[in-house]
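The structure under discussion appears below in the form of C-alpha cells.
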Amino acid sequence: MSTNSVTPPVEWGVYKGDNKINYHFQNINGLKWSKDNFPLTIEAIKNMADYKFNIVGLVETNTEWQLQGGRTLRTFQNSIKKSFVQASISTSATNIKFHTEYKPGGTATITGGPLHTRVLAQGTDPELGRWSYIILQAKNIKNITFLNVYRVCHQNTDIHEFNNRVGSRNLRTFFTQQLEYMPNKG
C-alpha cells in the first residue's frame, strides 16, 4: 500500500474533482422570492457553483414558474447563469395558475459547467409538475438520465372545493393541486 496516494479534497462529503459528475439533490422547501429573502436563493446558487456541482436537483421549489409570462423562470435562469455562466435548466410545476411567486410543489433540474454541452434532452411532467429531467450524452454512445422527482405527500382534505382554482384555501398544498387536476382528467 502506497502512502503517497493523493486523496481528493472533501468538504461536507463533496469531492471537488474535475471531470466528474458532482450531483447534488435537495428538498429546498421553497425558493425565496421576497425582496428580503431572495439573497438566500442567490447564496445557495453560488454555493452550488463553488462546490462544483454540475448537476443539481431541487424539489419543492414552491414557485409559479410562468408568473407574468415567465418572469420568475427568467429571474431564476439569470441567477443561475451568474454563478454557472452556462447552464441548462428544466423546471416543473402543476398547470394550475397562481398569481404570486409562491406555488407549492415543483422541481428544478440544473446542469452547469462543462456538462451543459452534453444535454441531449430535457423535460418535465407538464400537467402535474412532479418531475423534471435532463439526459446527458456520456462516453461510448451511452446516455445518463437525471430524473428529479417530488413525491406528493397524502394529506387529509375534509373540505375540498373543485373548480375553485385561484385563491382557494384548499389549493395551498401540492397534494390539493393534484386532487384538483385528477377529476378534470377523467
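None of the figures in this text is laboratory data; all of them are computed from the coordinates on show. Only a predicted model underlies this, so the values are computations on that prediction, with no experimental measurement involved. Counting neighbours? That spans all protein chains shown, and the Cβs are built from the backbone with ideal geometry, glycine included.
Highest mean first, what order results for 145-151, 172-178 on Cβ atoms within 10 Å? Write out the running numbers ahead of the final one.
Working: 145-151: 16.6, 172-178: 19.0.
In descending order of packing, they fall as 172-178, 145-151.
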Using a 10 Å cut-off on Cβ atoms, rank the peptides 31-43, 63-75 from the highest mean neighbour count down. 63-75, 31-43
According to a simple spin-label model (label point 7 Å from Cα along Cα-to-Cβ), what is the distance in nm between Glu127 and Gln66? 1.3
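Which pairs in the list Lys32/Lys103; Lys52/Lys103; Lys20/Lys52; Lys46/Lys103; Lys46/Lys81; Lys52/Lys81 are over 18 Å apart, alpha-carbon to alpha-carbon? The partial results should precede the final answer.
Details: Lys32/Lys103 12 Å; Lys52/Lys103 29 Å; Lys20/Lys52 10 Å; Lys46/Lys103 24 Å; Lys46/Lys81 10 Å; Lys52/Lys81 14 Å.
Over 18 Å apart, Cα to Cα: Lys52/Lys103; Lys46/Lys103.
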